[in-house]
Every structure is written in structure tokens, then in C-alpha cells.
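Have a look at the structure below before the remarks.
The values are calculated or read from the model by the stated rules, or taken from the named source; none is laboratory data. For clarity, every value in this text was computed on a predicted model and none was experimentally measured. All Cβ positions, glycine included, derive from the backbone under ideal geometry; neighbour counts span all protein chains shown.
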2 protein chains.
Amino acid sequence: MREPLKLYDLAGADERVRFSPNCWRTRFALAHKGLPCETVVWRFMEKDAIAFSGQGKVPVLVDGTRHVHDSWAIAIYLEDTYPDRPSLFGGAAGRGLARFVNQWTSEAVHPAIAKVVLPDLVDILHEGDRDYFRSTREAAFGTTVGALRAARDENIAALRATLRPLRSTLADQKFLAGDAPNYADHVAFSAFLWAHASTPVKILAEDDTLNAWCDRMFDAYDGLARSLPAAA
Amino acid sequence: MREPLKLYDLAGADERVRFSPNCWRTRFALAHKGLPCETVVWRFMEKDAIAFSGQGKVPVLVDGTRHVHDSWAIAIYLEDTYPDRPSLFGGAAGRGLARFVNQWTSEAVHPAIAKVVLPDLVDILHEGDRDYFRSTREAAFGTTVGALRAARDENIAALRATLRPLRSTLADQKFLAGDAPNYADHVAFSAFLWAHASTPVKILAEDDTLNAWCDRMFDAYDGLARSLPAAA
């Protein structure tokens, strides 16, 4: 048995509520590689616990004496360090294109989801994280949690429009990567887990064909994501 | 020598002005596969010339006794029919992800570019195409050419924002597909050729890092795209 890797993983007040989409990317990547992993509950106020990584954000992965931070850097590390295990990318072209999905998800989807989930996300946080989170996010979006809540319907509509290319792609194939998921699916689906954990609001309409892909991703890797409680 | 394939290719009044991004996708795919091709100048009013394909849009590719329409279907046809030639996708995962780039380009980038280029595009069309084009596009966008021209600055800003994930991806790698272009690059770059042929307006700022990728794509395949005159 190899020593499990260790992942610093953002949690809410309830430590089962692992709501960080960037940490979920790493959870899926580790499962895809078949690498056992122990998560370490981490909250925004615990900067000291990850100071060894030279920065203040999760995911931080510890692999024996080595550590890596930033979800994309971790994916590249895992792919290059464990080349004999199932590939996260399926080759050089797949790696290049997974980077595009990574950037589209971070730069187009995450901001659109954030506007929908932030008002409820504040409530699931550990009380020590709430003031930090609210003030940094309100500054980042140039608005208030109250204003986001008031504009929720239009923000949901904008999010659904942003998801259009994902929807049309998955109308014709089971996963972004084709017949089986790879890192591109991990990245895109992790954004949905963020919403799942943070808000009872349904970001997809009931008849959205993306629901079928979400179900497949919930089932993938022995139902890994089913450990995440839905927001009440 | 094999018989050249035949591609029905949309042209402006000047038949060198091949402005259709969907036809450029096929031009690049054929060059990537090393398949010789003759283009047939086609204009919107010439529906009869492609009636054999069972529909009214280009690209239509004729390969001996076979014909295929729709740029994605053509790419799949070429990949599956000529598997011993350089791959358009680099494997199953690359094919799946290229489909996502295809959909993102068609559904997010093309509408954003159209709003910028339509006012000038009308002027490069064959006179027989102008009324058809203007009326169908004004209906599609629910606006007029005049209104699009008046809103051009904000439409350019919106386009540049839409391109953000492409920009950040290509800040770290030479092509979408990594060290060499594949069909994902063909699709995304063809959108830029549409603007190049249709409007003298620069859709990218001079210091946009995407310019370097555009230059690489102009150079690719023995400078194939340099045959396209820039709009005056």
C-alpha cells in the first residue's frame, strides 16, 4: 500500500460540505488516477496551515516530501508524475484542449455561478470565515450579497446562457472527453458541485439535457461526488 | 495523384474573398490531412448548385461519388475516412473536446463577431446576395445593420470579453491543441478570418496576446490563410 496523498480541502461549517470547485477538480483527478487521498479540512481563516506552500489558497496537495498548489498545476503534476496510471488528458492535444475547458470554466462559468450561489454560500460557511468571505467577494463583484439575491432570476438566466456550448456538446456525446470522463469533465462538473453544496436553488431547469451528464458525473468514480450533501 | 476533393466555398463579390468561417474550418481540415482540394465559388443565391446535398448551406464537400455537408460532419468524415493521415483530433478525448471548442466558437464567439462585422460584411457581398443576407441577419439578431454600426464600440468590448478563455489558454501554449494546431485551432481561428475578410475594424487590441496565435495560424499549412485578402 502506498502512503495516501494529502489534500487540503475547503469545508463549510459542516465539515462534510466541501464546496470548493477547485478542490473538487483535484479530488476527481486523484480518483481518475486511482491514487488514494486523505483530505484535510481547511477553512479560509487557516492560512497558517498551508503557509508551507508559499501562498494562501487551496487546493494544496502533499505527496510525500513534495507539495503542489493550484488545481491546474496539480493536474499537470499528477499526469507527469504518474504517467502509468490512467491519463487525465488522453494525450498532448487533449491536454491543450483541457486547458481551454479549464479557462472557460474558471473565467466564464465560475463568475456566472458565483452570482447565483453567493447569497446562500455565506450561510454554509464556518462562522470564522463569513466576514472574510463576504467582504472579499463583494469587492470582487463590485456588489452586495443583497443585490445579488435580488437579481437572482436574471443571474440564473445568464448562467444558463453561458452553459450553452456545454449543453450542445453533451447533447451528442456522453462526456466532454467522449465516451468516458477526463480532466475536462472534472473541471466543468466541479462548478456544478459548488452550486449543489451551496444553494438549494436549481441552477439547471428540470428539462435541461445537462442534467443527464451531471447524473453520470455523480455516478462516476464509484459515486465519489455523492459524499457531498446537497444544500438544504 | 488522387482526384482533388471539391469544396463549395462561400465568396464575396470579389471571388477571392472567402469569408465563411465554417468553410475555412474545412479548408484547414483538408490542409491538415494533406488532401488536395479545389474550391467552387458559391454565393447565397446559388441554392440550386448545392441542391444535390439535400440542403442549402456551405460548406459542402464532394469526395468522388460521396458528398457531406456541415463543417463538423465533414471533419468527422475526413477523420474517419482518412485515418492514416494526420489526425484532426489526436484521439478520442481530443475529438470530444474539439467538439466543445466547435460549439463554443459557434455559439459564443460567432454571434459576438457577427455584431461587429455585419455592417461592413454587407458591402463585400455579391450584389445578388445583399438583400437576402441583410434581411435574414437582421431577423436573426432582432436589430438593424444601422443599429449594429452605432453600437460597434460596445460590441467590440463584448467580443473581447468573450474571447477571454481563448486568450488565457494561448498565453501558456502555442496552439489550443498544444505544440501544433489541430481541428480546435482551425475552428477558433476561422472566426478571426471571417472578421479579417469582412471589416477593416481590428477586433483585437494591438497589444492583445491573441495576435501572436493569429500570426502562427496565418503561417500554418504553408500560409494557407494568407490567400485571403484583408477587408479594405
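Quick check on B:Trp104: is it within 14 Å of another protein chain (Cβ to nearest Cβ), part of a helix (DSSP H, G or I) and under 30 Å from B:Pro36 (Cβ atoms)? Full working, then the answer.
Details: within 14 Å of another protein chain (Cβ to nearest Cβ): yes; part of a helix (DSSP H, G or I): yes; under 30 Å from B:Pro36 (Cβ atoms): no.
Answer is no for this residue.
Of these, A:Pro86, A:Pro59, which one is within 14 Å of another protein chain (Cβ to nearest Cβ), at pLDDT 95 or above and either surrounded by 18 or more Cβ atoms within 10 Å (Cβ to Cβ) or within 22 Å of A:Asp222 (Cβ to Cβ) (or both)? Break it down stepwise before answering.
Numbers: A:Pro59 fails: within 14 Å of another protein chain (Cβ to nearest Cβ).
Matching residue, one of A:Pro86, A:Pro59: A:Pro86.
For region A:14-53, which positions are over 26 Å from A:Pro83 (Cβ atoms) and in contact with a strand residue (DSSP E or B) (Cβ under 8 Å, 6 or more places away or on another chain)?
Selection gives A:Glu15, A:Arg18, A:Phe19, A:Ser20, A:Val40, A:Val41, A:Trp42, A:Arg43, A:Phe44, A:Ala49, A:Ile50, A:Phe52.
On the basis of being of a type outside the set (Phe, Trp, Tyr), surrounded by fewer than 24 Cβ atoms within 10 Å (Cβ to Cβ) and assigned by TED's automatic domain parsing to the domain that holds A:Phe218, does A:Ser106 make the cut? Before you say what the answer is, go through the steps one by one.
On the way: of a type outside the set (Phe, Trp, Tyr): yes; surrounded by fewer than 24 Cβ atoms within 10 Å (Cβ to Cβ): yes; assigned by TED's automatic domain parsing to the domain that holds A:Phe218: yes.
Criteria met by A:Ser106.
Here's the yes/no breakdown for (1) modelled with pLDDT of 95 or more; (2) surrounded by 14 or more Cβ atoms within 10 Å (Cβ to Cβ); (3) over 19 Å from the mean Cα position of the chain (by Cα):
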position	(1), (2), (3)
B:Thr143	no, yes, yes
B:Arg167	yes, yes, no
B:Ala171	yes, no, yes
B:Ala180	yes, yes, no
B:Asp207	yes, no, yes
B:Ala212	yes, no, no
B:Gly223	yes, no, no
B:Ser227	no, no, no
B:Ala230	yes, no, no
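Specify which of the listed residues (B:Gly146, B:Gly128) is over 21 Å from B:Ala98 (Cα atoms), more than 14 Å from chain A (Cβ to nearest Cβ), in contact with a Pro (Cβ under 9 Å, 6 or more places away or on another chain) and not aliphatic (A, V, I, L, M). Show your work before the answer.
Working: B:Gly128 fails: in contact with a Pro (Cβ under 9 Å, 6 or more places away or on another chain).
Checking each option against the conditions leaves just B:Gly146.
Taking interchain pairs and intrachain pairs at least six residues apart, which have beta carbon atoms under 7 angstrom, with the first residue in region A:24-37 and of a type in the set (S, T, N, Q) and the second assigned to a helix (DSSP H, G or I)?
So the pair list comes out as A:Thr26/A:Ser71; A:Thr26/A:Ile74.
Go through region A:151-174 and give me each residue that's in contact with an Asp or Glu (Cβ under 9 Å, 6 or more places away or on another chain) and facing chain B (nearest Cβ under 8 Å). Don't jump to the end; show me each part of the working.
Start the filter on region A:151-174 by keeping residues that are in contact with an Asp or Glu (Cβ under 9 Å, 6 or more places away or on another chain), which leaves A:160, A:163-165, A:167-168, A:173.
Those that are in contact with an Asp or Glu (Cβ under 9 Å, 6 or more places away or on another chain) and facing chain B (nearest Cβ under 8 Å): A:Arg164, A:Pro165, A:Ser168, A:Gln173.
Report whether or not B:Ala114 is away from chain A (no Cβ under 14 Å), crowded, with 19+ Cβ neighbours inside 10 Å and either at pLDDT 95 or above or not in a loop (DSSP other than H, G, I, E, B) (or both). Reasoning before the result, please.
Details: away from chain A (no Cβ under 14 Å): yes; crowded, with 19+ Cβ neighbours inside 10 Å: yes; either at pLDDT 95 or above or not in a loop (DSSP other than H, G, I, E, B) (or both): yes.
Yes; evaluated as a whole, the condition is true for this residue.
Every residue, every condition in (1) aliphatic (A, V, I, L, M); (2) touching a residue at least 40 places away in the same chain (Cβ under 8 Å), yes or no:
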| site | (1), (2) |
| --- | --- |
| B:Ala139 | yes, no |
| B:Thr144 | no, no |
| B:Arg160 | no, yes |
| B:Arg167 | no, yes |
| B:Asn182 | no, yes |
| B:His196 | no, no |
| B:Thr199 | no, yes |
| B:Glu206 | no, no |
| B:Cys214 | no, no |
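Conditions first: (1) under 26 Å from A:Ala31 (Cα atoms); (2) at pLDDT 95 or above; (3) loosely packed, with under 13 Cβ neighbours inside 10 Å; (4) under 20 Å from the mean Cα position of the chain (by Cα). A:Pro200 passes all but one, so which condition is the exception?
Unmet condition: (1).
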